[in-house]
Amino acid sequence: MKMKAIVPLLIFIALVILLGYGLTRDPKKIPSPLIGKPVPVFKLPKVLKPGESVSNMDFIGQVSILNVWASWCASCRVEHPIIVEFAKKHPLNIYGLNYKDQRSDAKRWLKYFGDPYLSSAYDVTGSAGIDWGVYGVPETFIIDKKGIIRYKKIGPMTKEFMENTLLPLLKKLENES
Amino acid sequence: MKKSYAWLSGILLLVISFNCLSAMNLYQFDDETKKARFKTLIHELRCTVCQNQTIADSNADLAKDLRDKVYKMIQAGKTDEEIKTFMVSRFTDFVLYNPPLKPGTYVLWLGPGVLLLIAGFFLYRSIRSKNMEEQSDIDENQKQRIAKLLAENQKDSSND
């Protein structure tokens, strides 16, 4: 009889734990299937120099970062100054992927808010974005020396993230052969 | 007066039907099977930005891009399987409204059945124990009384 009275309580506790765990997870964050895979093949013109291009080959040989941004993206507006500030202190091998933007808007953005990127690829149709599995801007990928995607950050990077997660990871990847 | 209402409802109907057709009408197919495949596929793929809509229902920019991509891939002669693999390799199984059965999705697919079994087991047990309780409501004394009454009743009726 006593055992029976406890059963609903146990079920309730199990449910609370399950639902509580569910609450700690953000459904907006879809794990990237690209982690551990090579950078998708692409070749796009640069935002500032349309005659030159950025391609997957640029990601081989050194640890690098790809930051997906757009002038229409509100959270990028928050993230951008943090990247600019950070790039001044730490030499970052960071490329931009300008996602579904107008070139004139993108240029103005870089002029007003600063340009921390080695160069930004101009993806006006969003086709490279699909290959990278981009579904929300901003997104940031961290790529190792062999051109393998090792980490993906969805949403704007914060100063804390850059100091506590990004930097140690970059150092770790730098030490890999 | 009546005529103007007829006009109004006519326009309303037109607007509604255009709304429903718009996603399909943008894409031209040379044969009906391709069109049907396109329609099925866009209803099976999730819009990863809006999360609870298919790319057929969503007006999000990305949903439009994905519809375009599906259209192009169908036109290029890709199979449904190839198109789904393409999407999954970029956006994980989450992009499928009908995810495959594999270790990662066992809970998703088998969970409801397991819960039903557990619930059924408890229901069975509670019904059975209730029956037992009802039976045990009658104690030995009462049983003897019943037997006596029944026996008397039988005597009475046989005497008639």
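Details
- Of all residues in the stretch B:70-94, those satisfying the criterion of being modelled with pLDDT under 90, part of a helix (DSSP H, G or I) and crowded, with 18+ Cβ neighbours inside 10 Å are B:ARG90, B:PHE91, B:ASP93.
- Of all residues in the stretch B:37-87 being among the charged types (D, E, K, R) and within 11 Å of chain A (Cβ to nearest Cβ), the one that is nearest to A:PRO31 (Cα to Cα): B:ARG46
- The one condition in (1) touching a Phe, Trp or Tyr at 6+ places or on another chain (Cβ under 9 Å); (2) at pLDDT below 90; (3) within 21 Å of B:SER89 (Cβ to Cβ) that A:VAL7 fails to fulfil: (3)
- Qualifying position, being farther than 30 Å from A:TRP72 by Cα, under 27 Å from the mean Cα position of the chain (by Cα), surrounded by 16 or more Cβ atoms within 10 Å (Cβ to Cβ) and not acidic (Asp, Glu), among B:PRO112, B:PRO99: B:PRO99
- Hits in the stretch B:123-140 (condition: polar (S, T, N, Q) and at pLDDT below 85): B:SER129, B:ASN131, B:GLN135, B:SER136
- Considering only residues in the stretch A:90-130 that are in a helix (DSSP H, G or I) and under 15 Å from the mean Cα position of the chain (by Cα), the one that is nearest to the other protein chains (Cβ to nearest Cβ) turns out to be A:ILE130.
- Qualifying residue in the stretch A:77-100 (condition: touching a His at 6+ places or on another chain (Cβ under 9 Å), surrounded by 16 or more Cβ atoms within 10 Å (Cβ to Cβ) and of a type outside the set (Val, Ile, Thr)): no
- Boolean, B:GLY120 is surrounded by fewer than 11 Cβ atoms within 10 Å (Cβ to Cβ), of a type outside the set (Val, Ile, Thr) and on the phi > 0 side of the Ramachandran plot: no
- Residue in the stretch B:89-107 that is of a type in the set (Lys, Arg) and within 11 Å of another protein chain (Cβ to nearest Cβ) present: yes
- Within the stretch B:115-139, the set of residues being among the aliphatic types (A, V, I, L, M), more than 26 Å from the chain's Cα centre (by Cα) and assigned to a helix (DSSP H, G or I) comprises B:ILE127, B:MET132.
- Filtered residues of the stretch A:90-114 (kept if farther than 19 Å from A:LEU173 by Cβ and in contact (Cβ under 8 Å) with a residue 60 or more places away in the chain): A:LYS107, A:LEU110
- Residues being within 24 Å of A:ASN56 (Cα to Cα) and of a type outside the set (Ser, Thr, Tyr) - total across the stretch A:81-99: 11
- Residues located in the stretch A:10-43, provided they are loosely packed, with under 10 Cβ neighbours inside 10 Å, among the hydroxyl-bearing types (Ser, Thr, Tyr) and within 13 Å of another protein chain (Cβ to nearest Cβ): A:TYR21
- Qualifying residue in the stretch B:77-87 (condition: in the same structural domain as B:ASP31 (by TED's automatic domain parsing), over 28 Å from A:ILE35 (Cα atoms) and free of Cβ contacts under 8 Å to residues at least 24 places away in the same chain): yes
- The residue of the stretch A:132-141 that is farthest from the other protein chains (Cβ to nearest Cβ), among those that are crowded, with 19+ Cβ neighbours inside 10 Å and not aromatic (Phe, Trp, Tyr), is A:THR140.
The values are calculated or read from the model by the stated rules, or taken from the named source; none is laboratory data. All figures in this text were calculated on a predicted structure; none of them were measured in a lab. Glycine gets a Cβ as well: all are built from the backbone with ideal geometry, and neighbour counts include every protein chain shown.
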